[in-house]
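This report concerns only the one structure given below.
The values are calculated or read from the model by the stated rules, or taken from the named source; none is laboratory data. Computed from a prediction, not measured in an experiment: that's the story for all the values here. Neighbour counts run over all protein chains shown; Cβ positions are idealised from the backbone, glycine included. Note: areas computed on protein heavy atoms with side chains; ligands, DNA, RNA excluded. Shrake-Rupley method; radii C 1.70, N 1.55, O 1.52, S 1.80 Å.
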Amino acid sequence: VQLQASGGGLVQAGDSLRLSCAASGRTLSGYYMAWFRQAPGKEREFVAAISWSGSSTDYRDSVKGRFTISRDNAKNTVYLQMNSLKPEDTAVYYCATQASRFGRPSSRYEYDYWGQGTQVTVSS
């Protein structure tokens, strides 16, 4: 499976962006999906995840109420709507998925496939 992340850019604090992650080579239906991010000099960190059906989502505390993860299995795409962006959201954002269907990953090490990343830069 190949994941293609897009939608990043340079915005001002308070603006919004919507990231997309399109999959090819395999359906995303039945697989957990997640977004991670990595700022320069920092560890890659979890941002949000969505279950196979989309009925369950999870977010890191710092983005709750501002970011929304969603999926469209018919389009084989996962989205991350980011509102009220802050300078501390600046990072390269990666989408990820598992090789096994119906898994419940609990850490980044349980994700098998990663997109190439899309840069999000928020100026103050």
Notebook entry, point to check: When the range 46-68 is examined, which residues are found to be among the charged types (D, E, K, R) and open to solvent by 60 Å² or more (accessible area, probe 1.4 Å)?
Noted result: ASP58, ARG60, ASP61, LYS64
Notebook entry, point to check: When both residues are 6+ apart or on different chains and their Cβ atoms are under 9 Å apart, which pairs have a first residue that lies in the range 99-124 and is of a type in the set (D, E, K, R) and at pLDDT below 90, and a second that is assigned to a loop (DSSP other than H, G, I, E, B) and surrounded by 12 or more Cβ atoms within 10 Å (Cβ to Cβ)?
Noted result: ARG101/SER29; ARG101/GLY30; ARG101/TYR31; ARG101/TRP52; ARG104/TYR32; ARG104/SER51
Check: Among the strands (runs of 3 or more DSSP E) confined wholly to the range 1-79, which include 2 or more residues that are touching a strand residue (DSSP E or B) at 6+ places or on another chain (Cβ under 9 Å), free of Cβ contacts under 8 Å to residues at least 60 places away in the same chain and under 21 Å from TYR109 (Cβ atoms)?
Finding: 45-50, 57-59
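Residues in the range 82-90: is at least one over 18 Å from SER123 (Cβ atoms) and among the basic types (Lys, Arg)?
Filtering the range 82-90 down to residues over 18 Å from SER123 (Cβ atoms) leaves none.
No - not one qualifying residue is present in the range 82-90.
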Notebook entry, point to check: Inside the range 69-108, can you point out the residues that are among the aromatic types (Phe, Trp, Tyr) and under 12 Å from MET33 (Cβ atoms)?
Noted result: TYR79, TYR94
Checklist line | Answer residue from the range 105-120, given it is surrounded by 15 or more Cβ atoms within 10 Å (Cβ to Cβ), outside any loop (DSSP other than H, G, I, E, B) and hydroxyl-bearing (Ser, Thr, Tyr) and is nearest to the chain's Cα centre (by Cα) among those | finding: THR118
Notebook entry, point to check: Does the range 1-45 hold any residues that are within 19 Å of PHE102 (Cα to Cα), touching a Pro at 6+ places or on another chain (Cβ under 8 Å) and open to solvent by 20 Å² or more (accessible area, probe 1.4 Å), and which are they?
Noted result: TYR32
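Residue check: is SER84 open to solvent by 30 Å² or more (accessible area, probe 1.4 Å), touching an Asp or Glu at 6+ places or on another chain (Cβ under 9 Å) and either within 15 Å of ARG26 (Cα to Cα) or not in a strand (DSSP E or B) (or both)? Quick ask: steps written out before the conclusion?
On the way: open to solvent by 30 Å² or more (accessible area, probe 1.4 Å): yes; touching an Asp or Glu at 6+ places or on another chain (Cβ under 9 Å): yes; either within 15 Å of ARG26 (Cα to Cα) or not in a strand (DSSP E or B) (or both): yes.
The answer is yes for SER84.
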